[in-house]
Every structure is written in structure tokens, then in C-alpha cells.
1. For the list (1) under 23 Å from VAL21 (Cα atoms); (2) part of a loop (DSSP other than H, G, I, E, B); (3) touching a Lys or Arg at 6+ places or on another chain (Cβ under 8 Å), I need the number of the one condition that HIS108 fails.
2. What is the residue count in region 104-122 for residues that are in contact with a Leu (Cβ under 6 Å, 6 or more places away or on another chain) and crowded, with 20+ Cβ neighbours inside 10 Å?
3. Looking at (1) free of Cβ contacts under 8 Å to residues at least 12 places away in the same chain; (2) closer than 26 Å to ASN141 by Cβ, find the lone condition where LEU48 falls short.
4. So which residues in region 154-184 are free of Cβ contacts under 8 Å to residues at least 12 places away in the same chain, under 20 Å from ALA111 (Cβ atoms) and surrounded by fewer than 17 Cβ atoms within 10 Å (Cβ to Cβ)?
5. Residues ILE89, ILE33, ILE12, ILE96: which one is farther than 21 Å from ILE129 by Cα, touching a residue at least 12 places away in the same chain (Cβ under 8 Å), buried (at least 16 other Cβ atoms within 10 Å of the Cβ) and in contact with a strand residue (DSSP E or B) (Cβ under 6 Å, 6 or more places away or on another chain)?
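What follows draws every value from the coordinates through simple rules; no lab data is involved. None of these values were measured; they are calculated from a predicted model. Neighbour counts run over all protein chains shown; Cβ positions are idealised from the backbone, glycine included.
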Amino acid sequence: MSIVIALLVFIILPYYLTGNVVVYTSNGYKLTIENKDDSFSNETRQHLIDTYFKVMPEMNAYFGQNKRDARLTIDPGYKGAAVTTGSNIVLSAEFIRKYPESYDAVTHEFAHVVQSYPKYDPSWLVEGIADFARYKWGVNNKKGGWSLPDFKSDQKYTDAYKVTARFLVWLQRWKKRDIVKRLDRALRSDTYKDDSWKAFAGKTLDELWKEYSEKPDI
């Protein structure tokens with residue numbers, strides 16, 4: 001009986017609002033999908049749904065948040081890959097059709113939902129933490145051909161995304177295990193400053209980057 005109950009808790013239940021809007025719920029989480037592309041793959045849709053219900057509880061637990069509601073719009077007219085505003089995500093139908101295994105792009109966007117910082121500043125760090133989240137919780141990165149890049153001497157910590165994410169992974173391994181959580185809290189409370197790095201890791205950002213560049217193993 002206990003096994004049956006445990007399985008029921010994680011069943012994803014869909015219900016329809018209109019023809020192209022479906023709401024999925026499971027274990028207190030809700031995902032609304034609006035599909036504007038009639039030819040969108042059902043298999044890809046299921047990957048997106050499964051990814052949401054797997055990674056959101058993990059990211060919430062890690063960052064001490066309780067973001068349980070998101071809306072994902074599949075838009076054939078959007079020319080980028082994906083973008084998030086608040087809890088609303090727009091995913092390019094063209095992008096995901098061209099790269100169907102790259103559905104962890106939404107893991108990056110779900111991280112933005114969890115972040116919900118009062119400011120998008122510094123943008124390079126916000127995006128770096130989101131790619132750190134994709135690196136840590138992504139469910140299909142390998143098949144999707146996504147990985148953190150090797151260090152190169154012309155990189156800068158302000159390059160954002162993968163480059164900054166790799167730096168954060170290095171900091172977490174070699175400097176402070178909770179450095180990403182502390183940076184996240186500072187951004188969330190709008191108390192982040194340039195000297196936060198010294199308070200959190202004992203050195204300035206430039207000093208940490210220099211040390212990283214000399215021995216960038218992660």
C-alpha cells in the first residue's frame with residue numbers, strides 16, 4: 001500500500017484550459033504549457049514536462065525557495081532560444097525542433113524562475129548561476145551536446161553563461177562549498193556588491209579569477 005501511495009504522489013495530472021493551453025500538476029507543483037505550434041512534437045513536450053517536475057524541487061531545495069508555478073509558451077515566432085520574465089518562459093519552437101535533445105535549455109530558464117531576483121544585475125552573474133543550475137541539474141546535457149567549456153586565457157568572468165558557470169563550479173570545489181548559495185542570497189536580497197566576493201571567499205573577484213586561471217581544474 002505504501003508503495004502505491006508513493007507512486008500516486010508523483011503522478012502528473014493534466015487538465016485543459018483551452019485547446020492549446022494545458023495545466024500539469026504534481027506534488028504541489030504546477031506547469032502551464034501554451035503551445036502555439038500545431039506541429040510541436042508530443043515527445044519533446046513530455047521531455048519538457050518531466051524536466052520541470054524533476055528539476056524544480058531540486059533547485060528549490062538547494063536555493064531555499066518555494067517556486068512551484070511556471071508558464072511555458074511554445075512560440076514559433078520567437079527568434080531566440082528561450083527567455084524568462086518572472087515565472088513566464090517563452091521557448092522557440094524552431095530552436096527545440098532543430099535541437100530536440102537540447103531541452104535542458106528550459107532547465108536554465110526554470111533556474112531563472114527560482115532566482116526571481118529584484119534586479120538583473122550583474123547580468124553575467126545571474127546568467128552564470130542559471131547555467132550552473134543547468135550543469136548541476138540538467139537531465140539531458142550530454143545527449144544535447146551541452147557542457148562547460150575548457151578554460152581559455154582570453155575568457156573573462158563577465159562572459160556569463162557557461163564561462164561564469166565553470167568559474168562558479170571551480171569556486172565551489174576549491175574555495176567555498178556554499179559560494180553559489182551565498183551569491184544567490186545576496187542577489188535575491190539586493191545586497192550584492194563587488195566586495196561580496198572577499199566576504200564570501202576571502203579574496204577579491206579579480207584575485208579569485210587569477211587563481212582560477214592558473215589552475216582551472218574542476
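1. HIS108 satisfies all of (1) under 23 Å from VAL21 (Cα atoms); (2) part of a loop (DSSP other than H, G, I, E, B); (3) touching a Lys or Arg at 6+ places or on another chain (Cβ under 8 Å) except (2).
2. Of the residues in that region, 1 qualify.
3. (1)
4. Once the filter is applied, which keeps residues that are free of Cβ contacts under 8 Å to residues at least 12 places away in the same chain, under 20 Å from ALA111 (Cβ atoms) and surrounded by fewer than 17 Cβ atoms within 10 Å (Cβ to Cβ), region 154-184 yields ARG177, ASP178.
5. ILE33
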